[in-house]
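Since the structure comes first, as structure tokens, the remarks are kept for the end.
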């Protein structure tokens with residue numbers, strides 16, 4: 001297995017020393033020196049709470065490198081959880097329950113595109129998504145994909161290779177309506193053409 005290159009940010013020197021003790025001898029991980037954060041596969045952040053200073057670090061990392069983040073923290077509220085996820089945090093572990101194996105597993109999962117969170121935090125995320133769908137998206141006729149049902153229907157038929165006239169016939173719309181639907185989502189999502197739109201929808205699991 002290729003080693004995970006890890007940049008570390010802690011809020012105190014003792015925590016940084018503890019991370020070194022946990023990971024220094026693990027073959028799966030390479031700890032990067034300060035100043036090499038841009039080379040990191042994963043950012044590891046250790047903090048008691050998700051303070052404004054810690055959030056600033058997360059936002060800078062997300063903007064500068066886009067590397068996923070593993071967060072070790074004592075407490076995290078629902079609002080802080082949403083902020084963390086928005087800042088590319090993909091794994092969260094309670095500080096009191098962390099072990100070397102759990103930490104390494106989280107770092108590897110983050111590098112490989114996965115995520116690791118305690119069940120209660122997963123539940124909070126699901127509740128947030130449910131509220132977002134119910135209170136924000138559904139009243140505007142949208143789904144979690146950001147597309148409405150009509151747009152998804154058109155995209156599915158585009159993916160099957162149908163042209164505008166065939167899509168209009170299948171859905172009992174006018175050609176003008178189909179063209180307006182296609183223009184609407186390609187413009188809104190900044191997609192170059194129909195092929196790009198279909199590829200985007202497939203990658204995002206919309207169709």
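Listed here are the residues, each with its yes/no results for (1) within 25 Å of residue 84 (Cα to Cα); (2) part of a helix (DSSP H, G or I); (3) in contact with a helix residue (DSSP H, G or I) (Cβ under 8 Å, 6 or more places away or on another chain).
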{"site": "158", "(1), (2), (3)": "no, yes, yes"}
{"site": "168", "(1), (2), (3)": "no, yes, yes"}
{"site": "191", "(1), (2), (3)": "no, no, yes"}
{"site": "200", "(1), (2), (3)": "no, yes, no"}
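Whether a residue is touching a strand residue (DSSP E or B) at 6+ places or on another chain (Cβ under 9 Å), within 24 Å of residue 14 (Cα to Cα) and buried (at least 17 other Cβ atoms within 10 Å of the Cβ) was assessed, and residue 69 passes this test.
Counting only strands (runs of 3 or more DSSP E) that sit completely within the stretch 1-116, those holding 2 or more residues that are over 29 Å from residue 132 (Cα atoms) and without any contact (Cβ under 8 Å) to a residue 60 or more places away in the chain correspond to 4-10, 29-31.
Scanning the stretch 131-189 for residues that are modelled with pLDDT of 80 or more and touching a strand residue (DSSP E or B) at 6+ places or on another chain (Cβ under 8 Å) gives a single hit, 148.
The values are calculated or read from the model by the stated rules, or taken from the named source; none is laboratory data. Computed from a predicted structure; not experimentally measured. Reconstructed Cβ throughout: ideal geometry from the backbone, glycine too, with neighbour counts over all protein chains shown.
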